[in-house]
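The values are calculated or read from the model by the stated rules, or taken from the named source; none is laboratory data. Predicted model, so just to flag it, every value in this text is computed and none were measured. Note that we place each Cβ from the backbone using ideal geometry, even for glycine, and neighbour counts take in every protein chain shown.
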């Protein structure tokens, strides 16, 4: 198991290198620079700024310099936030985004697996059709529609919850953003669980267990173990979806996470901030893919390399 | 499509599809939305960018505008501009009878303010009294309908939603073709080549899968000026991975069949193999995947437009309108409801259609 984890981690390194390279050269290819203001700076001041940030060196030099700093764990200074490094910005924003993302993931897994199992156990019932319809709807309502709708209903209409703001992560402020992030995931997980569990429940082992008179709860536990494999495989894309969703959610609810830095950084040509964010997101997605593989190996002995 | 006993698998698939209620409903909804977007803007009778400054942020309503509540303030504004006071207002079947008074005399030339305001037709002076200090004017009221209300500039939301729908639907179709074509080419090449080439090509797909690709799209769109072409390229570049995997798997499965080997042995070229043997045999799964790709592409486009990185003014798409609506939820929630309703209805219909297609093509699913 540890060998599998290490091997997959090692495979992630070239992927990260590709990400760093592509984002570095993409940013530099683009017209405009980080110090292009509406009123152009004096040439001498511009020269100084470019020297301080190392932009006067040749592109390959800068690229190698960036990679070398990256190996030391240094993401460089931010170009648009004065006196702050990219790492400082992440230290502020990451806790917010991670809190939202992990809560949303937990909620999506709990509700998605629960509703999907319910639908699979009572196939063709009203509950099944209800879950199917809700799942299809949740997949078709974009987060940028769901977020303002939730704001209207719970914030402006019922006045139960604040429509935005962070306030140190108060639970009241978390409800709507987490719900918005989790909504499409709930639908995806519920559909997958239903399809997979329904197939497992028709399979031979389950019939045998029924014939042997095992209590339904025990049968469900056995069946779920196998049926959850596709759901676990979905964890990687789910994490990516949560990170993308956080861009919208943080914009609509005004939360100080890293999703906002991304669009803002790209608009300001803040090279290091954008590259840092892309690398961070890529690392998180790779990490989740590895976790998904490990969880799959835990659930299914056939997937273990030492078996 | 007739004949329940059609033996060919494709005929059976089509038959099942026609019988499926949700597929039929989805097709009807999609056809209605597409027709409305195509011809609707002409039928509403006004250009999408036409603004009515006196009719800003009207709620949706089937009754003709201006309503008496908006009429009075608009009249008072005009009277103020004419340096006159509004003494009497009387409405009779679409015509207003106004009595304007001014101590220094009412300037008749200033009556042009009335037709200029979009709400009124050409005024006609009925009576002049009190040495020109009291003027009675008859003016027709324009009857305008805004079934879905107006936005912050007083533009008709229905027209704007329909025009925006054109862009969203076109982007959905074209980007799907781009992504689908790329995926088919990549997957078929890998599947036909086999060996090291196949391994390298699919490894590249795996690496790309692990990337937060949407973030790259955002970088691309921000760095190079946002516009329709760039969006099409960006979305096409992101969404082809699934199709590539699917077509490769289908090609590999086919390449073991006898007719395929025979074609190869006869020296049929790669392109011809793909068009004559791979695509016709993989048509079902490819169509299902393409149908499910359309809503994803539309979603991605509106996501970008929502962030202000997609379609730019004066052009508009559903994502742009939803973003405008989200900014005005407190004062004008209908600005969100209209475009969001069209967007969600389209996405639901496309997803249901794709599911129904998948069910119909899957021989294991219930009869």
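For the range A:71-84, which positions are in contact (Cβ under 8 Å) with a residue 60 or more places away in the chain and either more than 21 Å from residue A:48 (Cβ to Cβ) or in contact with a strand residue (DSSP E or B) (Cβ under 8 Å, 6 or more places away or on another chain) (or both)?
Of everything in the range A:71-84, those that are in contact (Cβ under 8 Å) with a residue 60 or more places away in the chain and either more than 21 Å from residue A:48 (Cβ to Cβ) or in contact with a strand residue (DSSP E or B) (Cβ under 8 Å, 6 or more places away or on another chain) (or both) turn out to be A:75, A:76, A:77, A:78.
Given the criteria within 17 Å of residue A:196 (Cα to Cα), out of contact with any helix residue (DSSP H, G or I) (no Cβ under 9 Å at 6 or more places or on another chain) and either modelled with pLDDT under 85 or assigned to a helix (DSSP H, G or I) (or both), does residue A:114 qualify?
no
As a summary of the residue check, residue A:55 satisfies the conditions (1) in a helix (DSSP H, G or I); (2) away from chain B (no Cβ under 14 Å) except for the one numbered (1).
In the range B:307-320, the condition of being in the same structural domain as residue B:228 (by TED's automatic domain parsing) and over 26 Å from the mean Cα position of the chain (by Cα) is met by no residue.
Considering the range A:78-93, and only residues there that are crowded, with 19+ Cβ neighbours inside 10 Å and modelled with pLDDT under 85, the residue that is farthest from the chain's Cα centre (by Cα) turns out to be A:79. Remark: pairs (first residue in the range A:134-155, more than 9 Å from every other protein chain (Cβ to nearest Cβ); second residue in a helix (DSSP H, G or I) and surrounded by fewer than 19 Cβ atoms within 10 Å (Cβ to Cβ); Cβ separation under 8 Å; 6+ apart in sequence or on different chains) = A:154/A:175.
Could you list all residues from the range A:20-34 that are farther than 14 Å from residue A:276 by Cα and loosely packed, with under 13 Cβ neighbours inside 10 Å?
If the condition is that a residue be farther than 14 Å from residue A:276 by Cα and loosely packed, with under 13 Cβ neighbours inside 10 Å, then A:29, A:31, A:32 are the ones that fit.
Scanning the range A:202-256 for residues that are crowded, with 23+ Cβ neighbours inside 10 Å and away from chain B (no Cβ under 14 Å) yields A:223, A:227, A:228, A:231, A:255.
For the structure I just gave you, tell me whether residue B:234 is surrounded by 20 or more Cβ atoms within 10 Å (Cβ to Cβ), within 13 Å of chain A (Cβ to nearest Cβ), at negative phi and modelled with pLDDT of 75 or more. The answer is yes for residue B:234. Candidates are the residues of the range B:306-334 that are modelled with pLDDT of 85 or more and more than 8 Å from chain A (Cβ to nearest Cβ); the one that is surrounded by the fewest Cβ atoms within 10 Å (Cβ to Cβ) is B:324. Suppose the filter is within 18 Å of residue A:281 (Cβ to Cβ), modelled with pLDDT of 90 or more and either touching a helix residue (DSSP H, G or I) at 6+ places or on another chain (Cβ under 6 Å) or part of a loop (DSSP other than H, G, I, E, B) (or both); does residue A:104 pass it? Answer is yes for this residue.
If you go through the range A:228-237 one residue at a time, do you hit one that is closer than 30 Å to residue A:66 by Cα and assigned by TED's automatic domain parsing to the domain that holds residue A:90?
Keep residues of the range A:228-237 that are closer than 30 Å to residue A:66 by Cα, which gives A:236-237.
Checking the rest, the ones that are also assigned by TED's automatic domain parsing to the domain that holds residue A:90 come to A:236-237.
So far as the range A:228-237 goes, yes, one or more of its residues are closer than 30 Å to residue A:66 by Cα and assigned by TED's automatic domain parsing to the domain that holds residue A:90.
Selection over the range B:151-191 of residues that are at pLDDT below 80, surrounded by 17 or more Cβ atoms within 10 Å (Cβ to Cβ) and more than 30 Å from residue B:102 (Cβ to Cβ) gives a count of 1.
The number of residues in the range B:86-103 being outside any strand (DSSP E or B) and loosely packed, with under 14 Cβ neighbours inside 10 Å comes to 3.
Within the range A:117-130, the set of residues being assigned to a helix (DSSP H, G or I) and either more than 14 Å from every other protein chain (Cβ to nearest Cβ) or in contact with a strand residue (DSSP E or B) (Cβ under 8 Å, 6 or more places away or on another chain) (or both) comprises A:117, A:118, A:119, A:120, A:121, A:126, A:127, A:130.
Taken together, the residues in the range A:131-161 that are under 25 Å from residue B:300 (Cβ atoms) and assigned to a helix (DSSP H, G or I) amount to 19.
When the range A:272-292 is limited to residues that are more than 30 Å from residue A:35 (Cβ to Cβ) and surrounded by fewer than 19 Cβ atoms within 10 Å (Cβ to Cβ), the one that is farthest from the other protein chains (Cβ to nearest Cβ) turns out to be A:291.
Checking each residue in the range A:77-101 for being part of a helix (DSSP H, G or I), over 26 Å from residue A:170 (Cβ atoms) and in contact with a helix residue (DSSP H, G or I) (Cβ under 6 Å, 6 or more places away or on another chain) picks out only A:86.
Examine the range B:265-284 for a residue that is closer than 25 Å to residue A:32 by Cβ and either in contact with a helix residue (DSSP H, G or I) (Cβ under 8 Å, 6 or more places away or on another chain) or outside the structural domain of residue B:173 (by TED's automatic domain parsing) (or both), and state whether such a residue exists. Taking every residue of the range B:265-284 in turn, none turns out to be closer than 25 Å to residue A:32 by Cβ and either in contact with a helix residue (DSSP H, G or I) (Cβ under 8 Å, 6 or more places away or on another chain) or outside the structural domain of residue B:173 (by TED's automatic domain parsing) (or both). For the range A:1-42, a tally of residues being more than 21 Å from residue A:268 (Cβ to Cβ) and either within 14 Å of chain B (Cβ to nearest Cβ) or without any contact (Cβ under 8 Å) to a residue 12 or more places away in the chain (or both) returns 15.
Scanning the range B:343-355 for residues that are more than 7 Å from every other protein chain (Cβ to nearest Cβ) and either surrounded by fewer than 23 Cβ atoms within 10 Å (Cβ to Cβ) or over 17 Å from residue B:168 (Cβ atoms) (or both) yields B:345, B:354, B:355.
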